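Structure record follows, encoded as structure tokens.
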């Protein structure tokens with residue numbers, strides 16, 4: 001997921017003492033302008049023939065005190081996005097969030113790859129909105145974990161970050177699907193699901209058993 005057209009008047013200050021990127025207390029109660037979250041183009045991921053997939057990421061614009069574009073889409077989407085980009089280096093690999101202002105921050109959410117990030121937007125008309133890229137493929141992957149686990153570099157890290165986002169977000173904009181409201185059940189009874197496939201080498205050849213789901217419920 002790409003973050004572009006970001007302009008901030010505030011210098012970044014390292015927060016080495018931050019225990020988790022998913023908890024935030026506003027520094028001021030004075031709200032000057034509320035962010036508006038606009039999905040310019042919904043992402044998708046569909047079959048394009050045997051063994052082939054066709055996909056595009058969701059393009060999201062945040063309008064407010066600052067204009068922020070999250071994921072710039074494909075080359076042919078250039079008419080949808082702003083001209084000019086600004087890129088910033090930051091130590092997301094150390095688990096440190098990047099604070100844009102009191103209402104928007106970029107947090108590291110690795111798992112799908114080791115460098116994934118999510119944008120958390122607070123105090124919108126929909127409450128807290130998380131723009132997550134491939135941390136969540138689509139709403140359906142809440143019930144069908146194979147949708148995201150099949151392409152995950154580190155399913156354990158991704159699951160942990162998915163849980164963190166589900167706990168704080170009212171709405172999620174996934175990488176390849178429409179924005180969705182987080183079901184209340186995911187904030188009260190967290191279901192952790194892992195997808196496994198068993199393959200064994202025997203004297204008669206290689207045997208692959210049917211994939212199975214391992215489910216455990218944790219009360220949050």
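Since every read-out is calculated from the coordinates, none of them should be taken as a lab result. It should be emphasised that the depicted structure is a prediction, and the values quoted were computed from it without experimental measurement. Reconstructed Cβ throughout: ideal geometry from the backbone, glycine too, with neighbour counts over all protein chains shown.
General remarks:
- The residues 62, 40, 166, 52, when put in order of fewest to most other Cβ atoms within 10 Å, stand as 52, 40, 166, 62.
- Rg ratio (alpha-carbon, reference 2.2 N^0.38 Å) - region 108-170: 1.08
- At full extension, residue 54 and residue 206 could sit 51.6 nm farther apart than now, given 0.36 nm per residue minus the alpha carbon distance.
- Residues residue 126 and residue 67, FRET efficiency given R0 of 30 Å [Cβ-Cβ distance, rounded to 0.05]: 0.95
- Between the beta carbons of residue 146 and residue 34, assuming R0 = 22 Å, the FRET efficiency works out to 0.05 to the nearest 0.05.
- Chain lengthening between residue 184 and residue 156 when straightened (0.36 nm per residue, less Cα-Cα): 7.8 nm
- Between region 152-166 and region 111-146, the alpha-carbon center distance in angstrom: 10 Å
- Cβ-Cβ distance of residue 44 and residue 101, R₀ of 30 Å, FRET efficiency by 1/(1 + (r/R0)^6): the value works out to about 0.45.
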